[in-house]
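The values are calculated or read from the model by the stated rules, or taken from the named source; none is laboratory data. All values derive from a computational prediction rather than experimental measurement. Glycine gets a Cβ as well: all are built from the backbone with ideal geometry, and neighbour counts include every protein chain shown.
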Amino acid sequence: MTTACYSTVLDHPIEAVWSLIRDFNNYPAYIEGVSESAIEDDRRGDEVGAIRRFCYLGNWVRQRLAVHSDDDHLLTYAGIEPLPFPTGDAQGAVSPTPYEGTMQLTRITDGNRTFIEWSVALDPAPQDAERWRTLFQSWIPEWTNSLARALARRAG
């Protein structure tokens, strides 16, 4: 098991941030590179157990909403299938990995801002753990910065 994590402060109220991310199907609105997303089986985007299928940079991914809490401003998602390592990024074969991600928001009263912590727990083959962790350590800040840009556009 290995974990990649990133945290930062968003210059937006927690209500604005949560309203954008709380719907599990809203990925294209705040993650650049996600071209489409759909919830399977007519479930709601805030319903634990809902499965989203989305296209990220031309690759289709399916994830299940494992935890959703409006009170705690928290959501956890889990990959349905192990995630394949991006082909263009690897020197040699890297095995796919199971993963689970969590986004947690905390209110910052000073300036009416939001602290976000986004972590992804990975369960790769031991020889691939560092490559997976390094990849997610680069992706999570990109995704968080994409969220910040989406919030700025909404506030604009």
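Kindly indicate which of 98, 141 is touching a Pro at 6+ places or on another chain (Cβ under 6 Å) and either farther than 17 Å from residue 59 by Cα or not aliphatic (A, V, I, L, M) (or both). So that I can check it myself, show each step before the final result.
Values: 141 fails: touching a Pro at 6+ places or on another chain (Cβ under 6 Å).
Exactly one of 98, 141 is touching a Pro at 6+ places or on another chain (Cβ under 6 Å) and either farther than 17 Å from residue 59 by Cα or not aliphatic (A, V, I, L, M) (or both), namely 98.
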Within segment 140-156, track down each residue that is out of contact with any Asp or Glu (no Cβ under 9 Å at 6 or more places or on another chain) and buried (at least 18 other Cβ atoms within 10 Å of the Cβ). 140, 144, 147
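Let's see how each residue does on (1) modelled with pLDDT under 95; (2) over 17 Å from residue 21 (Cβ atoms):
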| residue | (1), (2) |
| --- | --- |
| 94 | yes, yes |
| 105 | no, no |
| 114 | no, no |
| 118 | no, no |
| 137 | no, yes |
| 141 | no, no |
| 152 | no, no |
Search segment 41-66 for residues that are more than 21 Å from residue 143 (Cα to Cα) and pair each with any residue that is acidic (Asp, Glu) when their beta-carbon atoms are under 9 Å apart and the residues are at least 6 apart or on different chains. 44/23; 50/40; 50/41
Filtered residues of segment 20-39 (kept if loosely packed, with under 14 Cβ neighbours inside 10 Å and either among the hydroxyl-bearing types (Ser, Thr, Tyr) or in contact with a helix residue (DSSP H, G or I) (Cβ under 9 Å, 6 or more places away or on another chain) (or both)): 35, 36
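Answer with yes or no whether residue 56 is crowded, with 19+ Cβ neighbours inside 10 Å and not hydrophobic (A, V, I, L, M, F, W, C). Walk me through it before giving the result.
Values: crowded, with 19+ Cβ neighbours inside 10 Å: no; not hydrophobic (A, V, I, L, M, F, W, C): yes.
The answer is no for residue 56.
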Taking only pairs six or more apart or across chains, which ones have beta-carbon atoms under 6 Å, a first residue in segment 1-25 that is farther than 24 Å from residue 51 by Cα, and a second residue that is at pLDDT 95 or above and of a type in the set (Phe, Trp, Tyr)? 6/118; 9/115
What is the one condition in (1) more than 17 Å from residue 23 (Cβ to Cβ); (2) at pLDDT 95 or above; (3) among the β-branched types (Val, Ile, Thr); (4) over 15 Å from the mean Cα position of the chain (by Cα) that residue 80 does not satisfy? (4)
If you take the residues in segment 100-133 that are of a type in the set (Val, Ile, Thr) and in contact (Cβ under 8 Å) with a residue 24 or more places away in the chain, which one is surrounded by the most Cβ atoms within 10 Å (Cβ to Cβ)? 120
Residue check, residue 97 against (1) closer than 15 Å to residue 135 by Cα; (2) in contact (Cβ under 8 Å) with a residue 40 or more places away in the chain; (3) touching a Gly at 6+ places or on another chain (Cβ under 9 Å), all met but one. Which one? (2)
The correct count of residues that are of a type outside the set (Ser, Thr, Tyr) and in contact (Cβ under 8 Å) with a residue 40 or more places away in the chain in segment 67-94 is 8
Considering segment 67-124 alone, what residues qualify as being of a type in the set (D, E, K, R) and outside any strand (DSSP E or B)? 70, 71, 72, 81, 89, 110, 123
By my count, strands (runs of 3 or more DSSP E) wholly in segment 1-58 with at least 2 residues that are of a type in the set (Lys, Arg) and touching a strand residue (DSSP E or B) at 6+ places or on another chain (Cβ under 7 Å) are 51-56
